[in-house]
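**Q** Got a structure here, written out as structure tokens. Questions coming.
The values are calculated or read from the model by the stated rules, or taken from the named source; none is laboratory data. In this text the structure is predicted, and so the values were computed from the model without any measurement. Every residue, glycine among them, receives a Cβ derived from its backbone with ideal geometry; neighbour counts consider all protein chains shown. We work out accessible area using only protein heavy atoms, side chains counted, and drop any ligands, DNA or RNA first. Shrake-Rupley method; radii C 1.70, N 1.55, O 1.52, S 1.80 Å.
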Amino acid sequence: MRIPPFARYKRILTSAGLMASGAIIGSAIYMSIHQHSYNQLYVQMHKYLEENSDLRADLEALNKTRNKQALINVVNVYLLPKNQNDLISEDIQKEIEGDVKNELKLVIGQKAAYVRDARLLYERLITQRTYTLHDKIYTIEVKSIVLIQAELTIWITAEQKRT
């Protein structure tokens, strides 16, 4: 029995190997691009869901105090960087703002005059609180508290504790 010469199939095997390696590399590049765009969509969806829940909570608070003028309807919390070197990632900022906002839910529905008089109480409630997020400890300080009509706005700073 005669065996055909291998030289005859050399070019075909080389081109098939190049084609297979090109397909593997191309699919890897496609998957990395797809995964990156999917990750961006997931982050954007998470922001929208969080914004939706915040708006629903604000709407619920507004409906609860719709006919009462001198009551606090909305609590806004903004996290400012302590200095330019200590920038905190956006997801941690949102979590800290949400936690502080949840602590101050008891203010919603109270009379604005009472909240204005007890400003120091609310400031002490938040100041020097520690939050543990992603295995890091953050301490909170209040920069300012502003009460305008039925909206309480609080600016805070967070600093990562060095351990």
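**Q** Extension gain residue 127-residue 34, at 0.36 nm per residue separation less the Cα-Cα distance, in nm? Walk me through the numbers before you get to the answer.
**A** On the way: separation 93, 0.36 × 93 = 33.48 nm, distance 4.35 nm.
Full-extension gain reported as 29.1 nm.
**Q** Within 13 Å, Cβ to Cβ, of residue 60, how many net charges do the neighbouring residues add up to if Lys/Arg are +1 and Asp/Glu are -1? Kindly include the intermediate steps, with their values, before the conclusion.
**A** Working: positive: 56, 64, 66, 105; negative: 54, 58.
Around residue 60, the surrounding residues sum to +2.
**Q** Right, next: How about region 100-163: which chymotrypsin sites (Phe, Trp or Tyr not before Pro) there are in a DSSP loop, with at most 15 other Cβ atoms within 10 Å of their Cβ?
**A** Values: sites: 114, 122, 131, 138, 155; in loops: none.
When the chymotrypsin sites (Phe, Trp or Tyr not before Pro) of region 100-163 are filtered for loop state and at most 15 Cβ neighbours within 10 Å, nothing remains.
**Q** Pop the C-beta distance of residue 21 and residue 42 into the FRET formula with R0 = 30 Å and round what comes out to the nearest 0.05. Don't skip to the answer; put the middle values down first.
**A** Numbers: r = 31 Å, r/R0 = 1.04.
Efficiency for this residue pair is about 0.45.
**Q** Below 14 angstrom from the Cβ of residue 145, what's the summed charge of the other residues (Lys, Arg +1; Asp, Glu -1)?
**A** Details: positive: 101, 116, 119, 124, 143; negative: 103, 117, 123, 141, 151.
Result for the neighbourhood of residue 145: 0.
**Q** Here is a further query. Please list 127, 14 from largest to smallest accessible area, probe radius 1.4 Å, with all protein chains kept in place. Walk me through the numbers on the way to the answer.
**A** Numbers: 127 45, 14 80 Å².
Ranked from most to least accessible, the order is 14, 127.
**Q** For Cα Rg over 2.2 N^0.38 Å, several values are listed as [x] 0.95; [y] 1.87; [z] 1.00; flag the one computed from this structure.
**A** [y]
**Q** Would you be so kind as to identify which of 52, 102, 122 lies farthest towards the positive end of the dipole of the chain, taking Lys and Arg as +1 and Asp and Glu as -1 on Cβ and the Cα centre as origin?
**A** It is 52, whose Cα lies furthest towards the positive end.
**Q** Excluding residues on the same chain fewer than 8 positions from residue 161, give the lysines whose Cα lies under 23 Å from its Cα.
**A** 82, 94, 101, 136, 143
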